[in-house]
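Only one structure is covered here, and it is reproduced in the block below.
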Amino acid sequence: MAGKPDTGALTDLIYGALHGRASWLDFLEQARTLVPNGQALLFFHDANSGAGAFPLQAGGDPALAEAYRTHYSTVNPWMPHAAIRPLGRVVRSDEMLPRERLIKTEFYDGFLKPQGVESGFGVTIRREQGCNFLFSVVGADLDERDAETVKQALQEVVPHLREAFDYYRRHPEDSGPGLAWGEAARPPGARGIVRLGVDRRVLFADRDAVRLTEGTGVVSVGTFGRFACAHEPLLEYVDAQLASWDGGASPPAVRTFHVPRAPGALPLRIRVYRPGGTGLALFRGPECVLHIEDPVDGLAAAVDEFAELYRLSPAEHRIVMGLAHGLTLKAVAEEVGVSPETTRVHLKAIFAKSGLNRQTELIRHVSIMAAHH
């Protein structure tokens, strides 16, 4: 190794990734050049379950990376040390486990050796209830002098890397230019969004989510508090999503729940899913997203679409709107300001135009369309 590594370039790439001028893979590609046959990884390891994966990796065999996720994470002999060492301290592999012991392990024989990896450097960036977030550079062996140079260079970069992790934790409402939600994670223009972290801690709740849940007595969304809900199946599913978090490497699971509220009111519709598909969820840690909707909010748009589809007159449109909101035909007549007989005439015209025969069919038709909106 000739001279001191250019840590300035690595630091610039960290802030470039934060501000959209570079990607985290650019940072890792630069970091892997610090050692011969280098690989650089931003990854996680759950000390409780042994689960781990490489959401962000430069270099290395993709097939072996998958093998790590499914098996080798559970036998990685470096991880017990990674789970207890001081945060932010770069250590060499020999400090975690002497080489003579490492080469006798299944991890070395089946995972490291086939890739030509003999040693490396690691640092635990963050730790949350047993889940460790780490940065490592591994590769061919180095002599003591070069190893110390690389270790010092990585140590200079660590404060900036920790700042990046902290930034993403401090700004949960903003995905940021370097942290995409993923196509399935947030519907365009979606409102009523709640984001939950470890132990159902509320990371973010927008105004619509707070408005929809306030005073219901069954759902509680308090920013920086814990999410509470009287609907046990929803809570069980949220807990399962947080427990099965894998750094965003797998597609998000999605499920819809209907949660009762005040008598006579339509239940809240809550979709539960995990951000995923980009690998960059690693920076946020275990996370689950709730999209809370009031089914009534979609009725007006559905009625508008129904009226346009069947070419209804303004008066007919108003009748469909009233029926969709639960009014009787008599109440609709009073609200519109016409006689019940006139309302019935309009209703017959609506049936003729739409091919429907009963009010229940009409309401069902509009309700199904409202689910889309």
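Throughout, read-outs are computed from the coordinates displayed, never taken from laboratory work. Keep in mind that what you see is a predicted model, and the values were worked out from it rather than measured. Every residue, glycine among them, receives a Cβ derived from its backbone with ideal geometry; neighbour counts consider all protein chains shown.
Tabulated values for the structure
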read-out	value
14 Å beta-carbon shell around ILE368, net charge (K/R +1, D/E -1)	0
Within a Gaussian network of the chain (alpha carbon springs, distance under 10 Å), most fluctuating of ILE319, ILE14, ILE84	ILE319
Sites excluded, trypsin sites (Lys or Arg not before Pro) in DSSP loops with at most 16 other C-beta within 10 Å, longest stretch of the chain	192-310
Neighbour net charge for LEU309 - beta-carbon separation under 13 angstrom, K R +1, D E -1	-2
Correct option for P(r) over Cα pairs in 20 Å bins from 0, in percent [calculated from the coordinates] among [x] 27, 57, 16; [y] 25, 40, 22, 11, 2; [z] 26, 60, 14, 0	[y]
Between segment 287-304 and segment 86-162, the Cα center-to-center distance that results, in Å	48
